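Q: There's a structure below that I have some questions on.
The values are calculated or read from the model by the stated rules, or taken from the named source; none is laboratory data. Model, not experiment: these values are computed from the prediction. Every residue, glycine among them, receives a Cβ derived from its backbone with ideal geometry; neighbour counts consider all protein chains shown. Each accessible area value is taken on the protein alone, full model and side chains, heavy atoms only, with ligands, DNA and RNA left out. Shrake-Rupley method; radii C 1.70, N 1.55, O 1.52, S 1.80 Å.
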Amino acid sequence: MDFFSSLPKKENGRKMERTLSIVKPDGVRKNIVGEVVKRFEKSGLRVSAVKMVSLTRKEAEGFYAVHRARPFFGSLTEFMSSGPVVVMVLTGDGAIKKVRDLMGATDPGKADPGTIRRDFADSIESNIVHGSDAPETAAFEIGYFFNALEIVN
């Protein structure tokens, strides 16, 4: 498989976009992985890759390296390495924005009703899900967890 065969195809004339989402340790502990995936799929997104992993602190620090200078970096990486997470590649028209809209605001108290974070999250940090915020971020994040052979459609 070459690099180009792993890129999203056009569907009905629209370029399909890929993004990464993570069900964080609190979402796995609450046993709502299926509910999160169901919401993504109901919105028209396709799961193109999925797996459960347990991040070491060092792996979490590598993933969130962009936030290294922020005051929450230590507690975030500790939290993300506190239990298994479910990482997935989602594909669809406008996937990045769609996932971010479905997740809701980082602070669940400020998230819109019906969003994942509003419905299930406990705090800004224990907020159930992560989603890439831009195409460049998505490319890095997808590559952090998946190789081209693990991603379909």
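Q: Report yes if G104 is closer than 18 Å to V33 by Cα and open to solvent by 50 Å² or more (accessible area, probe 1.4 Å), otherwise no.
A: The answer is no for G104.
Q: Can you tell me which of (1) touching a Lys or Arg at 6+ places or on another chain (Cβ under 6 Å); (2) touching a residue at least 60 places away in the same chain (Cβ under 8 Å) is the one I151 doesn't meet?
A: Single failed check for I151: (1).
Q: A further question follows. Considering region 60-72 alone, what residues qualify as being in contact (Cβ under 8 Å) with a residue 12 or more places away in the chain and either farther than 14 Å from H130 by Cβ or assigned to a loop (DSSP other than H, G, I, E, B) (or both)?
A: E61, G62, Y64, F72 - these are the residues of region 60-72 that are in contact (Cβ under 8 Å) with a residue 12 or more places away in the chain and either farther than 14 Å from H130 by Cβ or assigned to a loop (DSSP other than H, G, I, E, B) (or both).
Q: Could you list, in sequence order, all residues of region 103-153 that are outside any helix (DSSP H, G or I) and acidic (D, E)?
A: Correct list: D107, D112, D122, E125, D133.
A quick yes/no check of all residues on (1) more than 15 Å from the chain's Cα centre (by Cα); (2) of a type outside the set (D, E, K, R):
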| position | (1), (2) |
| --- | --- |
| A111 | yes, yes |
| F120 | yes, yes |
| A134 | no, yes |
| F140 | no, yes |
| E150 | yes, no |
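Q: Residues that are free of Cβ contacts under 8 Å to residues at least 24 places away in the same chain, under 16 Å from the mean Cα position of the chain (by Cα) and surrounded by fewer than 16 Cβ atoms within 10 Å (Cβ to Cβ): does region 78-96 have at least one?
A: No, region 78-96 has no match at all.
Q: Is it the case that some residue within region 112-130 is under 22 Å from M16 (Cα atoms), touching a residue at least 60 places away in the same chain (Cβ under 8 Å) and small (G, A, S)?
A: The answer is no; no qualifying residue exists.
Q: Does region 24-50 hold any residues that are polar (S, T, N, Q) and surrounded by fewer than 19 Cβ atoms within 10 Å (Cβ to Cβ), and which are they?
A: Passing the criteria: N31, S43.
Q: Follow-up question, since we're still on this one. How many residues does region 51-63 contain that are closer than 21 Å to M103 by Cβ and surrounded by fewer than 18 Cβ atoms within 10 Å (Cβ to Cβ)?
A: 3
Q: Another question about this same structure. Any residue in region 32-44 that is within 14 Å of G92 (Cα to Cα) sitting within a Cβ distance under 6 Å of a residue that is basic (K, R) and open to solvent by 50 Å² or more (accessible area, probe 1.4 Å)? List the pairs, counting only those 6 or more apart or interchain.
A: Final answer for the pair search is S43/K98.
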